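Participant: One structure, as structure tokens, below. Some questions next.
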Amino acid sequence: MTNSPAQTKSPSPEEILSKLNTSSQGLSTAEAQNRLSQYGYNELAEKKVSNLELLLSYFWGPMPWMIEAAIVLCALVGDWVDFFIIFALLIGNAMIGFVEEKSAGDAVSALKAQLALNANAKRDNRWQTIPARELVPGDIVRIKIGDVLPADLELLNCDKVSIDQAALTGESLPVTRSAGEEVYSGSILKRGQAEAVVSATGVNTFFGKTAKLVAEAENTDHLQEAVLKLSDYLIIVNLFLVAAILVVRVHEGDNFIRVLKFCLVLTVASIPLATPTVLAVTMAIGSQLLAAKNALVTRLSAIDELAGVDMLCSDKTGTLTLNQLSLGDPYLSEGVDNQQLLLAGALASSREDNDPIDLTIINGLANQDILHDFTVGHFIPFDPVSKRTEAEVTDGEGRTFKTSKGAPQVILDLDARNQAFAGVVNQEILALAKRGYRALGVARTDDQGEWQFLGIISLFDPPRPDSQITIENAKRLGIPLKMITGDQVAIAKETCHQLGLGQNVLNAELFRQTPASQLSQLGAQIEEADGFAQVFPEDKFHIVETLQKRGFIVAMTGDGVNDAPALKQASAGIAVSGATDAARAAADIVLLTPGLSVIIDAIELSRQIFLRMNSYCIYRVVETVRILIFITMAIFVYGTYPVTVIMLVLLALINDGSMVTIAYDNTKIPKTPQRWNMPYIISLATAIGLVGVVETFLLYYYTEKYLGLPHEMVQTLIYLHLAVGGMMTIYVTRVRGPFWSIPPAPKMLMATGLSVAISTLMACFGILMTPIGLMWTLASWGYAFLWFLIFDWVKLWLYRLLDSKQVVILGSRYLKRWQGLKNRS
């Protein structure tokens with residue numbers, strides 16, 4: 001059950017002091033200063049990034065470069081209205097990202113808050129209180145009940161002490177340590193007092209190594225990757241078209257400024273100006289919906305990651321289980337009932353020490369008032385050598401007897417008549433051990449003072465009532481769960497059995513026994529395991545990292561300091577209810593209610609949000625391709641602007657401004673994890689966009705060249721068509737089936753209706769453009785609706801075509817993985 005390294009023969013105090021080159025008088029001030037120079041301060045290093053540096057980072061990258069290029073071109077040609085509008089969008093996008101990242105917790109700072117501030121150390125042969133950060137290896141310190149251990153220590157002269165190191169190792173119970181054994185920084189002394197020598201400080205402590213893993217952890221932002229791929233595609237298309245225009249127009253003797261203005265139009269047309277804002281706002285609205293389900297999002301892009309999660313790793317204690325000891329079925333000797341067994345065990349317990357085992361037994365009594373009928377005269381607490389407690393008790397009639405509880409074999413040996421039933425009892429002890437239960441034997445003396453074995457109390461940490469249902473729901477959504485615990489393999493297997501998981505539990509000691517150069521060879525075993533036992537923080541980190549390298553998008557749940565590195569590394573780190581500050585700071589999502597059931601709600605909602613963002617990206621590429629190639633064709637063929645720059649900016653502001661309401665749109669809940677497939681999206685959207693190029697160019701040719709309408713009026717007509725057609729496009733791309741298959745959300749209908757109403761009024765009455773009148777306004781609407789129906793038919797045909805190709809390309813990749821999942825479930 002313990003995570004700590006196994007202790008063999010404990011060294012003597014003299015050997016410990018000699019090893020650390022110190023003495024029982026402690027270090028001198030001069031020697032302490034020398035060691036401080038050598039080892040550094042006893043603190044965790046933090047990599048700080050200034051607010052200015054963080055803010056400036058949002059102005060660097062492909063998408064900002066495109067927007068900045070448009071700003072420069074606007075300045076060069078003197079289009080100051082466009083300059084200020086696009087500049088405002090650049091600043092807005094940067095501020096959204098900056099505020100989001102600043103709001104995320106600092107995991108290393110939270111870890112530092114768990115460390116001791118001061119220490120009672122022996123310097124110059126006298127005890128004094130010094131800042132814990134000034135401790136060095138070799139310092140002699142004194143610790144007492146309630147103290148947070150200020151460094152890694154080796155115990156010197158002391159009785160047995162009880163150490164709560166659950167935050168470090170995930171152990172569900174305090175551990176007992178004695179002289180010669182090591183205890184860790186950040187642990188809490190629950191019982192006893194001791195003198196100890198500092199063996200490691202700062203980043204060299206067990207705690208420090210955990211913090212170092214947190215600082216080094218990096219998770220992949222798949223949404224950012226998707227946006228970058230989208231922008232790279234549009235940049236390439238833009239550069240190709242701009243280069244072609246430069247060569248052709250300059251060669252034909254066009255004025256350089258005029259050519260530059262062409263480039264400005266194309267650059268503005270190719271930039272999805274509002275895409276970062278729309279996606280961020282969509283996820284922000286999604287985070288509000290998740291908050292209503294008691295899941296707080298600290299990193300917006302985690303919503304996207306959660307939608308793609310296809311592997312869930314969960315800490316056991318306090319997450320899958322209640323982290324509350326409960327009584328199992330007892331083994332009773334002949335003539336003994338359960339309450340007699342518990343009464344004897346309770347009399348051999350101490351409520352004052354707040355020991356979890358003692359309290360569980362006492363609370364198990366049907367009538368705790370019965371304890372008042374007895375007086376405990378002499379109580380011997382648990383001793384790791386004798387492995388039992390003992391109490392001398394006097395009942396209400398003045399009769400005195402003894403009770404004892406402890407290791408079952410030890411208690412069994414107290415009964416001189418045990419040969420008659422020892423075989424049966426040992427079989428029960430073995431059965432409980434295999435099931436991972438903690439077994440305690442109980443005995444009491446009779447009237448002749450002879451010990452009588454009463455039976456065995458079994459203890460276990462029960463699963464949460466909703467854990468098994470949550471695991472089944474996760475499987476239904478295509479997400480297998482792997483349990484991770486610091487407990488022994490037997491306990492892990494029993495918990496897996498109770499939760500309906502497989503029995504393939506891997507002992508994490510394998511990681512520590514394998515050379516670092518060969519750890520990668522364990523990938524297949526990690527992927528196939530149902531759970532992991534005797535896990536250290538670095539093991540959790542390694543498990544998550546290995547699964548990610550094998551192509552999984554991994555979610556990790558946890559609640560302790562020991563979970564922080566894995567939470568930070570995971571694609572979606574989830575801190576459960578009651579988690580430590582360090583775990584909450586390292587996580588992307590914080591659950592406010594106990595258990596994991598809310599995760600299923602969060603996954604389903606995140607998948608819906610993903611579909612909405614996916615629909616928007618398809619819409620955005622369709623419209624960008626339509627506008628970009630159409631404008632280029634118009635410039636090549638006729639040498640004129642089909643729309644003005646201000647019209648393009650208005651399209652981005654009005655149409656994309658209404659697109660934020662796609663966050664409320666109605667969607668089905670996908671039954672499988674959702675990942676960005678940019679080649680698929682770009683292929684689909686480009687094909688639909690090319691249909692839009694034909695549609696728009698036909699309208700341009702018919703009105704300007706065939707009918708001979710004034711150029712300024714044609715520009716307005718094209719603007720209105722792009723505005724109305726663009727809004728209709730989103731109703732094509734928002735669903736995979738026919739456009740009527742899923743009704744749109746009322747908020748989205750209202751927002752998109754308002755946007756086209758504004759564009760229609762501007763075009764009809766000539767606000768910032770030449771008016772076209774009511775008849776041409778109606779004609780533009782009718783033409784757009786006709787092509788809306790064509791778009792929807794083309795979309796359905798393209799999905800069938802691309803999906804048939806996808807089956808061939810992706811089928812072999814996922815068939816083996818899902819078949820393995822099916823076999824294990």
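The values are calculated or read from the model by the stated rules, or taken from the named source; none is laboratory data. Not measured: the values here are computed from a predicted model. Ideal geometry is used to build each Cβ from the backbone, glycine not excepted, and the neighbour counts take in all protein chains shown.
Participant: Taking LEU412 and the conditions (1) crowded, with 19+ Cβ neighbours inside 10 Å; (2) under 21 Å from LEU359 (Cβ atoms); (3) of a type in the set (A, V, I, L, M, F, W, C); (4) in contact with a helix residue (DSSP H, G or I) (Cβ under 7 Å, 6 or more places away or on another chain), which numbered condition does it fall short on, given that it satisfies the others?
Facilitator: Here LEU412 clears every test but (2).
Participant: Looking only at segment 500-532, which residues are under 22 Å from the mean Cα position of the chain (by Cα), surrounded by 15 or more Cβ atoms within 10 Å (Cβ to Cβ) and at pLDDT below 90?
Facilitator: Residue satisfying the conditions is ALA508 alone.
Conditions tested, residue by residue: (1) out of contact with any Gly (no Cβ under 6 Å at 6 or more places or on another chain); (2) modelled with pLDDT under 65; (3) over 27 Å from SER187 (Cβ atoms).
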site: GLN38; (1), (2), (3): yes, no, no
site: ASN42; (1), (2), (3): no, no, no
site: LYS48; (1), (2), (3): yes, yes, yes
site: LEU52; (1), (2), (3): yes, no, yes
site: TYR58; (1), (2), (3): no, no, yes
site: CYS74; (1), (2), (3): yes, no, yes
site: ASN93; (1), (2), (3): yes, no, yes
site: SER109; (1), (2), (3): yes, yes, no
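Participant: I need the full set of residues from segment 671-713 which are outside any helix (DSSP H, G or I) and touching a Gly at 6+ places or on another chain (Cβ under 9 Å), in order please.
Facilitator: Filtering segment 671-713 down to residues outside any helix (DSSP H, G or I) leaves 671-677, 707-710.
Listed by number, the residues that qualify are LYS671, THR672, PRO673, GLN674, ARG675, TRP676.
Participant: Test ILE491 against the stated conditions and say whether it is of a type in the set (A, V, I, L, M), over 45 Å from the mean Cα position of the chain (by Cα) and outside any strand (DSSP E or B).
Facilitator: Working: of a type in the set (A, V, I, L, M): yes; over 45 Å from the mean Cα position of the chain (by Cα): no; outside any strand (DSSP E or B): yes.
For ILE491, the condition - of a type in the set (A, V, I, L, M), over 45 Å from the mean Cα position of the chain (by Cα) and outside any strand (DSSP E or B) - is not met.
Participant: Can you give me the number of residues within segment 294-325 that are touching a strand residue (DSSP E or B) at 6+ places or on another chain (Cβ under 8 Å), assigned to a helix (DSSP H, G or I), farther than 26 Å from MET283 by Cα and not hydroxyl-bearing (Ser, Thr, Tyr)?
Facilitator: The number of residues fulfilling the criteria is 2.
Participant: Looking only at segment 785-805, decide whether some residue is at pLDDT below 90, among the polar types (S, T, N, Q), under 30 Å from ALA524 (Cα atoms) and in a helix (DSSP H, G or I).
Facilitator: The answer is no, given that none of the residues of segment 785-805 is at pLDDT below 90, among the polar types (S, T, N, Q), under 30 Å from ALA524 (Cα atoms) and in a helix (DSSP H, G or I).
Participant: Filter segment 350-374 for residues that are of a type in the set (D, E, K, R) and not in a helix (DSSP H, G or I); which is surrounded by the most Cβ atoms within 10 Å (Cβ to Cβ)? It would help to see each step written out before you state the result.
Facilitator: Looking only at segment 350-374, we keep the residues that are of a type in the set (D, E, K, R), and these are 351-353, 355, 358, 369, 373.
Those still in the list that are not in a helix (DSSP H, G or I) too: 351-353, 355.
On the way: ARG351: 13, GLU352: 8, ASP353: 16, ASP355: 21.
Across segment 350-374, the extreme among qualifying residues is ASP355.
Participant: Using the structure shown, decide if ALA391 is without any contact (Cβ under 8 Å) to a residue 40 or more places away in the chain and surrounded by 18 or more Cβ atoms within 10 Å (Cβ to Cβ). Talk me through it step by step, then tell me what you get.
Facilitator: Working: without any contact (Cβ under 8 Å) to a residue 40 or more places away in the chain: no; surrounded by 18 or more Cβ atoms within 10 Å (Cβ to Cβ): yes.
Answer is no for this residue.
Table: residues versus (1) of a type in the set (Ser, Thr, Tyr); (2) touching a Phe, Trp or Tyr at 6+ places or on another chain (Cβ under 9 Å); (3) part of a helix (DSSP H, G or I); (4) farther than 20 Å from PHE630 by Cα.
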{"position": "GLY726", "(1), (2), (3), (4)": "no, yes, yes, no"}
{"position": "ILE730", "(1), (2), (3), (4)": "no, yes, yes, no"}
{"position": "PHE739", "(1), (2), (3), (4)": "no, yes, no, yes"}
{"position": "ILE742", "(1), (2), (3), (4)": "no, no, no, yes"}
{"position": "MET750", "(1), (2), (3), (4)": "no, no, yes, yes"}
{"position": "SER755", "(1), (2), (3), (4)": "yes, no, yes, yes"}
{"position": "THR760", "(1), (2), (3), (4)": "yes, yes, yes, yes"}
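Participant: Then there's this: Quick one: GLN427 ticks every box in (1) out of contact with any helix residue (DSSP H, G or I) (no Cβ under 9 Å at 6 or more places or on another chain); (2) closer than 23 Å to ASP446 by Cβ; (3) free of Cβ contacts under 8 Å to residues at least 12 places away in the same chain; (4) not acidic (Asp, Glu) bar one, so which box is it?
Facilitator: (2) is the only condition that GLN427 fails.
Participant: Would you please name the residue that is surrounded by the fewest Cβ atoms within 10 Å (Cβ to Cβ), looking only at residues in segment 594-622 that are charged (D, E, K, R) and within 25 Å of the chain's Cα centre (by Cα)? Spell out how you get there, then give the answer.
Facilitator: Step one: filter segment 594-622 for residues charged (D, E, K, R), giving 601, 604, 607, 612, 620.
Filter again for within 25 Å of the chain's Cα centre (by Cα), leaving 601, 604, 607, 612.
Working: ASP601: 16, GLU604: 18, ARG607: 24, ARG612: 26.
Per the stated criteria, the residue is ASP601.
One line per residue, one yes/no per condition, for (1) at pLDDT below 85; (2) among the β-branched types (Val, Ile, Thr):
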site: PHE552; (1), (2): no, no
site: ALA587; (1), (2): yes, no
site: THR593; (1), (2): yes, yes
site: SER597; (1), (2): yes, no
site: ALA602; (1), (2): no, no
site: GLU623; (1), (2): no, no
site: ILE635; (1), (2): yes, yes
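Participant: Report the residue count in segment 408-462 for those that are over 30 Å from GLY398 (Cα atoms) and either among the small types (Gly, Ala, Ser) or outside any strand (DSSP E or B) (or both). Quick ask: steps written out before the conclusion?
Facilitator: Of segment 408-462, the ones over 30 Å from GLY398 (Cα atoms) are 409, 419-439, 458-462.
Pick out the ones that are also either among the small types (Gly, Ala, Ser) or outside any strand (DSSP E or B) (or both) and you get 409, 419-437, 439, 458, 461-462.
Summing the residues that are over 30 Å from GLY398 (Cα atoms) and either among the small types (Gly, Ala, Ser) or outside any strand (DSSP E or B) (or both) in segment 408-462 gives 24.
Participant: Consider GLY782 against the criteria (1) in contact (Cβ under 8 Å) with a residue 12 or more places away in the chain; (2) in a helix (DSSP H, G or I): it satisfies all of them except one. Which criterion is unmet?
Facilitator: (1)
Participant: A further question on this structure: Taking segment 415-439 as the search range and keeping residues that are closer than 13 Å to PHE453 by Cα and either crowded, with 20+ Cβ neighbours inside 10 Å or of a type in the set (Phe, Trp, Tyr) (or both), which one is modelled with the lowest pLDDT?
Facilitator: Checking each candidate, the answer is PHE421.
Participant: Among the helices (runs of 4 or more DSSP H) confined wholly to segment 499-595, which include 3 or more residues that are over 27 Å from ALA284 (Cβ atoms)? Walk me through it before giving the result.
Facilitator: Values: elements: 509-513, 523-528, 537-549, 564-569, 581-586.
Because the criterion is at least 3 residues that are over 27 Å from ALA284 (Cβ atoms), the helices (runs of 4 or more DSSP H) in segment 499-595 that meet it are 509-513, 523-528, 537-549.
Participant: Give me a count of the residues in segment 688-702 that are surrounded by fewer than 22 Cβ atoms within 10 Å (Cβ to Cβ) and of a type outside the set (A, V, I, L, M).
Facilitator: 4
Participant: Of these, ILE662, ILE629, which one is farther than 30 Å from ILE609 by Cβ, among the β-branched types (Val, Ile, Thr) and either in contact (Cβ under 8 Å) with a residue 12 or more places away in the chain or not in a helix (DSSP H, G or I) (or both)? Steps first, answer last, please.
Facilitator: Numbers: ILE662 fails: farther than 30 Å from ILE609 by Cβ.
Exactly one residue qualifies, and that residue is ILE629.
Participant: Tally up the residues in segment 333-349 that are out of contact with any strand residue (DSSP E or B) (no Cβ under 8 Å at 6 or more places or on another chain), of a type in the set (Gly, Ala, Ser) and either touching a residue at least 60 places away in the same chain (Cβ under 8 Å) or not in a loop (DSSP other than H, G, I, E, B) (or both), please. Show your work before the answer.
Facilitator: Within segment 333-349, the subset out of contact with any strand residue (DSSP E or B) (no Cβ under 8 Å at 6 or more places or on another chain) is 334-335, 337, 339, 343, 346.
From what is left, the residues that are of a type in the set (Gly, Ala, Ser) are 335, 346.
When the remaining residues are screened for being either touching a residue at least 60 places away in the same chain (Cβ under 8 Å) or not in a loop (DSSP other than H, G, I, E, B) (or both), the result is 346.
So the answer is 1.
Participant: Filter segment 178-228 for residues that are aromatic (Phe, Trp, Tyr) and either within 22 Å of PRO13 (Cα to Cα) or modelled with pLDDT of 75 or more (or both) and give the result. Step through it out loud before you land on a result.
Facilitator: Keep residues of segment 178-228 that are aromatic (Phe, Trp, Tyr), which gives 184, 206-207.
Within segment 178-228, TYR184, PHE206 qualify.
Table: residues versus (1) in a strand (DSSP E or B); (2) surrounded by fewer than 20 Cβ atoms within 10 Å (Cβ to Cβ); (3) modelled with pLDDT under 85; (4) touching a strand residue (DSSP E or B) at 6+ places or on another chain (Cβ under 7 Å).
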position: TRP127; (1), (2), (3), (4): yes, yes, no, yes
position: VAL136; (1), (2), (3), (4): no, no, no, yes
position: ARG142; (1), (2), (3), (4): yes, yes, no, yes
position: LEU155; (1), (2), (3), (4): yes, no, no, yes
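Participant: Within segment 384-401, can you find the residues that are closer than 21 Å to SER458 by Cα and either out of contact with any helix residue (DSSP H, G or I) (no Cβ under 9 Å at 6 or more places or on another chain) or assigned to a helix (DSSP H, G or I) (or both)? Lay out the reasoning, then the answer.
Facilitator: Within segment 384-401, the subset closer than 21 Å to SER458 by Cα is 384, 386-391.
The answer is PRO384, GLU390.
Participant: Based on this model, can you work out whether LYS705 counts as under 30 Å from ASP310 (Cα atoms) and either of a type in the set (A, V, I, L, M, F, W, C) or in contact (Cβ under 8 Å) with a residue 12 or more places away in the chain (or both)?
Facilitator: Numbers: under 30 Å from ASP310 (Cα atoms): no; either of a type in the set (A, V, I, L, M, F, W, C) or in contact (Cβ under 8 Å) with a residue 12 or more places away in the chain (or both): yes.
Taking the combined requirement at face value, the residue does not satisfy it.
Participant: Would you please name the residue that is farthest from the chain's Cα centre (by Cα), looking only at residues in segment 243-257 that are outside any helix (DSSP H, G or I) and not small (Gly, Ala, Ser)? Give the steps one after another, and end with the answer.
Facilitator: Of all residues in segment 243-257, those outside any helix (DSSP H, G or I) come to 252-255.
Then keep just the ones that are not small (Gly, Ala, Ser); that gives 252, 254-255.
Numbers: GLU252: 58, ASP254: 56, ASN255: 55 Å.
Among those residues, the one meeting the criterion is GLU252.
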